[in-house]
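Each value in this text was obtained by applying a stated rule to the coordinates, not by laboratory testing. For clarity, every value in this text was computed on a predicted model and none was experimentally measured. Heads up, the Cβs are rebuilt from the backbone with ideal geometry, glycines too, and the neighbour counts pull from every protein chain shown.
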């Protein structure tokens, strides 16, 4: 073989090798990109699920708070009625000095 043919084969092999390295690099980068996108999607879904659960807990807490406010308003209205003497029949029904709601009169 002539020296020119050997040089051409070596140059050709180097070019093929360079192309294979570049191709392998692109494949790895593409694989990393797909994995990263998949992980982003998973994390986004986890955050959405956590947000949904937290929103549900918040709705329950709001409902409980609304119920507690309504109870407080009811007790306040009853207190007002008693102070104005408009609920004396309840006192008579309870026997005058009977404890109310588990509390003893002092």
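Odds and ends about this structure:
- Estimated inter-spin distance, residue 13 and residue 62, nm [label 7 Å along Cα→Cβ]: 7.3
- Radius of gyration, Dmax [region 3-93; alpha carbons; angstrom]: 38.0, 124
- Inter-site label distance for residue 37 and residue 54 at 7 Å from Cα along Cβ, in nm: 2.8
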